[in-house]
1. Using unit Cβ charges (K, R positive; D, E negative) and no other charged atoms, how large, in debye to the nearest 20, is the dipole of segment A:35-139 about its Cα centre?
2. Please order A:TRP462, B:TRP10 by the number of other Cβ within 10 Å, starting at the fewest.
3. Classify the protein assembly as shown: rounded, prolate or oblate, from the alpha-carbon gyration tensor (a ≥ b ≥ c, eigenvalue square roots; a/c under 1.5 rounded; otherwise prolate if a/b is larger than b/c)?
4. Residue farthest toward the positive end of the dipole of chain A, with Cβ of Lys/Arg at +1 and Asp/Glu at -1: which of A:LEU460, A:VAL12, A:ALA484?
5. How far, in degrees from 0 to 90, does helix A:59-72 lean away from the longest principal axis of the Cα atoms of chain A, to the nearest 10?
6. Per residue and in Å³, how big is the convex hull formed by the alpha-carbon atoms of segment A:55-147?
7. For chain A, build the charge dipole from Cβ charges (+1 Lys, Arg; -1 Asp, Glu) around the Cα centre, then report which of A:LEU498, A:TRP78, A:GLY228 sits farthest towards its positive end.
8. For A:TYR159, project a label point 7 Å along Cα to C-beta. Then give me every residue of segment A:390-430 with its amide nitrogen under 18 Å of that point.
Amino acid sequence: MAVNTSTLIILVLVYLACIFYLARMGYRQSSQTDGYMLAGRKVHPAVMALSYGAAFISTSAIIGFGGVAASLGMGLLWLVFMNIFFGIFIAFVVFGPKTRRMGLNLGAVTFPEFLGRRFQSRFIQGFSGLLIGVFMPLYAGSVLIGAARFIETTLGINYNLALLIFTIIIASYVIKGGLLSVMYVDALQGTLMFIGMAFLLIFTYVELGGVVGAHQTLTDMAPLVPQGLADIGHQGWTAMPSFGSPLWWTMVSTLFLGVGIGVLAQPQLAVRFMTVKDDRSLKRAVLVGGPFILMMAGVAYVVGALSNVYFYRTTGKIALEVAGGNTDLIMPEYLNSAMPELFVMFFMLSLLSAAMSTSGAQFHAMGTAIGHDFYQEGVKKGKSKGTTIHATRFGIAISILFSVVLAYILPISIIARATAMFMGLCTSAFLPIYMGALFWKRITREGAVASLVVGSFGSLFWLTFVHGKEAVPLGICQAIFGKATLLSGTWPLVDPILIATPLAFLVAFVVSLATKPMPEKFLDKCYSLRPQDEDEDALEQSAHKNADPASV
Amino acid sequence: MLGIDDPQIWLAYVLCVLSALGCVVYGALNWKEGEEEEEEQVVKSNTSRPAVQE
């Protein structure tokens, strides 16, 4: 991007100084295991919500999906609604309080440990840790590549050097300071992202003739949709694709289900529920979380779609044509040509923040999964000599190295699919047993083990051998069976999440009913309330309002 | 509505804004309600109580 590099470098240095100051503040309070792994369990609700949101929204969600919206239109706003409703409201109000209480009752400090202790199974903890440790680096690798490419183009630094610098900066505060440092830094980054996106939205609407004026112009541009897109169902940027068309199916199945609901079972997000001191903090966090997601994803999609109006006015072409068919280039192109230079620089910091906060959360989640869950609890059966913090630090270092190596050796076609692959895998593997752990007392250890294994391998099988988007670039099916995918027809279009997740739910249900329930006493311990929880519940009942469906 | 003809799109647009506003209202109500209780807890914290099980 064409901005004054020396001014930008000064801005970045000031930004980094602020980050290290906050990281240091977090580190000084993180000497205990709970502090390092769970930020001390008394994080402010606003910090928790910003950290959750900033970890959730990466640069690719802004640049990548913004570009997709420029191509496909505002139908993507359904995804924003799903993200706010499921990803924030349901997650914070229904899943959050139960996760927090149960995590505290069982003394769990990570998401795999939460599952392992809830089902009294080291296998579940070790296997979940391994699953996260092996597959999250793929997702982390894709975020690293995106960030390094971004730094390369904005600061003019060599790509390999950019990757190295970016990784070292994040690794230093994640390894040293633990989750509290990560969350403090996230809060700053989330704030910068919020301001950047708010300005982008206001500027775009003012520039293009107000909310209704801008939308109306975009609606009137429907006849300009390229023939190739119109043939698969595109009916304009302010209209849904025609019902049942290939484009409609892609939008509905992959985007809405995969990314919208998938967020509920993300280990790096779920662990944040255990960082606050009470249920009310989670409910308060909704105040910040909802608007945050609206301002990130919502603004990216609206501005992405509206960039067509801007480009048509200034160049006579639609956004996709201006970017030469590459949707990833649409948002940077729009920012550069439409926004004032000072804003472009500030917005770059926002994007850098989006990448750093997602990477930081991933590094911490991978490290704790490998160091604590897989190695200390799974392999050493809890008899390891080192402390949890040491094992985790080692785990973080190993998994960062693994991510960087993956980022270098894997073909770009796989990396591009990594986020969807990981989210799909998490949903199939973890969502059924996570929901069972929270809401169904009858689920048994055997049911959970069977569901975890079936969900994980079912998802992996489907994406390796059937789902075209992964099976074709992976090439494993081609090498073994001599054809690109095992099934043909519409099957290769069906997302693994739609196959493996229902299967895992079914297995959990059937196997649990066929096996002996978990001991009543243990369940009482899992679901027990502490004095302050009881106070909260009593207060709510007496108020006769805001009935909380999550309270035990 | 809002310059968008397709109800499926303007509905999504409106729902996004309303759900975010709903989050603000929900959070604010809990924020206010909690303040009174926190004051009570300061008093309670002087008297230790054993963990109560359901």
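No value in this document is a laboratory result; all are computed from the given coordinates. Keep in mind that what you see is a predicted model, and the values were worked out from it rather than measured. We place every Cβ from the backbone using ideal geometry, glycine too, and count neighbours over all the protein chains shown.
1. Values: 8 positive and 1 negative charges, 102 e Å.
So the dipole magnitude of segment A:35-139 works out to roughly 480 debye.
2. Details: A:TRP462 26, B:TRP10 18.
Arranged by neighbour count, lowest to highest, A:TRP462, B:TRP10 become B:TRP10, A:TRP462.
3. Note, shape of the protein assembly as shown comes out rounded.
4. Among A:LEU460, A:VAL12, A:ALA484, the one farthest towards the positive end of the dipole of chain A is A:LEU460.
5. So the helix axis and the longest Cα principal axis differ by about 50 degrees.
6. Values: hull volume 10.7 nm³, N = 93.
Convex hull of Cα atoms, per residue: 115 Å³.
7. A:LEU498
8. It comes to A:403-418, nothing else.
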